[in-house]
Structures are given as C-alpha cells and as structure tokens.
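In what follows, a structure is listed as structure tokens, so that the remarks can point back to it.
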Amino acid sequence: MNAPHRRGACPGMSAPMPTGDGLLVRLLPTMPIPLDRFIALCDAANQHGNGTLEVTARGSLQVRGLTPQSAPLFASAVAALDIAANDGVQVIADPLPNDADALAATVRDAIAAAELALAAKVSVVVDTGGRLHLDALTADVRLRATGTRLHLSLAGDAASATPLGTIVPETAEEVVVQLLGVIAREGPTARAGDVLREHGIAIFRSAATAPVSPAAKWPQRPPAEPIGRHSLRDGSVALGLALAFGHAHAEVLCELARVAASHGARSVRPAPGRALLLLGLAEPDAIALSRAAEALGFVVRTDDPRRAIVACPGKPACASGFIAARALAAEIAPRVPAQSGTIHISGCAKGCAHPAPAALTVVGTERGCGIVRNGSARAAPGGYVEPADLAGEISRIGTPDREAVHG
C-alpha cells in the first residue's frame, strides 16, 4: 500500500487519507451495485473501519476509521466484490441508468491509456441532460448531450464554465484526452481554470484535432432533485433518498439494503447530493420502501429540514475540527426555519463540505462557533457563540436576513 495522501488529494483505495478518526478511503462506483455486494461492502467497512460510511456531494462513497493494518484488508475485501469503480481521473456520469455510463467508460479508458500526470482533483463530467443532471458539480472538462452532439466547456460548474464548442460523440474520448493534455503540460498541480487564466481559451482550441463547432454557454436548468421517485426506461422506478448530513452507520445501511431487496429493488447507486438511488422497484414498492427508509432515519422528503444543512464530520473525526459539526447539525435541524437557505456547519475554516458561500455558515474556531452571514467558512465571523448555545442562537436568528449575533 502506498503512503497516505496529503490533505487536498483524493483518498483512493490504495492511498488512504489520515483523519482524526483514522484513515479514510473514497470509492466512486461507476455502475449500480447489486444489493448483496453493497451489504458486503458495508460489512467490510464495519469490520475494518469504524462503520461510518459517507456519500459525498459528488456521489462518492467514503469509508472512515481504517488503520494502517486494516486498510489493505478492506481494499482486498472490496476488490473481491468486483464493484465497478473509478480508478484515476474522476469521470462522473449522471446516475440514473442511461447512455452516460457507456460514454463515461469510453472516456475513462482513454484517459487511463494516455497516462497523463494530472492533479488529483482533476475531473470530467459526462451529462446526458436527464432529470438528475450534473450542473452543480464543478469539473475541469464538461460534456453535455445536446441532441446529436456534445457541448464542451471548461473549468467550473454549468453556470460558470467557459464554453469551448460542440463535438460529435464519436470524438469525445480523443478530444477530452487532448484537453487534459493541455492541463498536464502546465504541471502536476494545474487545473483547467489555471490554464484559462494564464493562457485563455485559445490553447485548448488549438489542442483539439477533431472539429469543434462554436457554441455559447448552455442555458441554466432548475437544480437536480435526487430525493423521490424516478421513472426509468424499463418501466421500473428508482427511489432517491439522502443520508442525513451525508453519513450513516454500516449496520443501518445494511438494513436499508435488506429492506429494499424485500421490496424488489435490485441495486443501489450513490448519487451527487449525498444521495442513494435504489433501483429496479415497482411504483407501489417504491412508496412502501420510502416509508421504511424514513423510519430508519434517511431523508426521503424534499422538505426535510436536514437537507438545508451541510455538515462536515468535525471534531473528533477530523483532526482539524474545533466543533462536533454533525452533532450540532442534528441539534439545530428542528430549529431551522422553512426556506432558510443553505446552512453550513464546518469544523474549521477550511470548509471542505461546502467551499461555496452559504446563507449561514457556522465555523469552528478557538473561540467557539463563528457565525458568518452569506459567506464561506473562510470569511471572518461576525460573532461567536459557544457550541452549547448554538441551537438557541439559530432559533433567535430565525432567517439569515435577521440581525447577526454580537461579537
């Protein structure tokens, strides 16, 4: 096993990342996971780690609490399950069954064959434009289906990315590798945004040997909503639910999988938005499974107040954390007003769980909980409260537009 990754890198199976509660590994499944294999994966996480599994905002699975001795055993257990997963540059496809998986696999294979030296966080998005689109995810290269062509853009989410043009799908893998090659030539830490700022779009245009037709920025779409029931092409239903604050214990996830199987589900797939999709259900079974999942503590309603809160593990799971972010999130959830906007509870000023500004950010500091309005965890707090007083302060604040706490 390789040495643990530095912070800021991607903690893959062969290079776990040290955290406050041990080593962490990340797995990005590229296909639905049969329920029996998902149960075995959760059992392995419980046996070799501390049993905490997370689904990230980008749809990866994370397993916490591994040790230098148990991490190789966990990796071997997962390898034996033969779960299709991304290895190398992240190529993320929209998660409902469609043509995106095949295109993403082709792009992924081409990138692997090119053996480019790229920064760990370089990523590619392959979006077929379905209901669970990927507009909210940032990526170095974005592909979006537009009729018979693919729209190409660089650096950012769908709203902020710089459009390059459109290509035919048959040239996607060739063009993506060429664009990533431009980034790789700028050095092992370079990202697409760095190249654009330094050289502009022309360097990318000249790298593409396949025809690229001019195209403007693609119109913005309503946010994707993974929670709920989604009709599939084969007549079955996918049930989307979320893990409260992005995490759950392995034993609870195993129980969810067993209950899902009893209702006819065949597989599960992590999805962006810290969600899980249970696939292969009939409509009546999806409704019954939703009720059962809610009883297990999962988020199954779009108006669940826990959905408004983004929380990192915090103290003690993260060595950098000053506050127990997820415990505080559970305390304040019942006090969150309707339509409050995003509330971010960050164990420290790094803001890993939600780097963007939020309507209200609570950041762990040596002085307690710093309160930031309409800003990120890196912004200077307008005031501070003790963690024990946070829930009361949230009730007093009400909505993020009301007066801030005193410094």
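Computed quantities for the displayed model
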{"read-out": "Those lysines that a straight Cα-Cα span of less than 30 Å connects to residue 315, excepting residues fewer than 8 apart in one chain", "value": "121, 350"}
{"read-out": "Candidates 49, 20, 240: whichever shows maximal mean-square fluctuation once the chain is modelled as a Gaussian network with Cα springs under 10 Å", "value": "20"}
{"read-out": "Burial ordering of 74, 38, fewest other beta-carbon atoms within 10 Å first", "value": "74, 38"}
{"read-out": "GNM flexibility winner over the chain from 156, 59, 187 (Cα, springs under 10 Å)", "value": "187"}
{"read-out": "For the chain, built as a Gaussian network whose Cα springs stay under 10 Å, the top-fluctuating residue of 330, 257, 100", "value": "330"}
{"read-out": "Residue 76 paired with residue 258, simple spin-label distance in nm, labels 7 Å along Cα-to-beta-carbon", "value": "2.7 nm"}
{"read-out": "DSSP beta bridge pairing in segment 96-207, given as percent antiparallel to the nearest 5", "value": "75 percent"}
{"read-out": "Point-charge dipole on Cβ atoms (K/R +1, D/E -1) for the chain, about Cα centre, debye to 20", "value": "680 debye"}
{"read-out": "Counted charge near residue 162, where neighbours are those whose Cβ lies closer than 14 Å (Asp, Glu -1; Lys, Arg +1)", "value": "+2"}
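Only the coordinates and a few stated rules stand behind these numbers; no lab work does. Being a predicted model, the structure only gives us computed values, none of them experimental. Cβ coordinates were reconstructed from backbone atoms using ideal geometry, including for glycine residues, and neighbour counts include every protein chain displayed.
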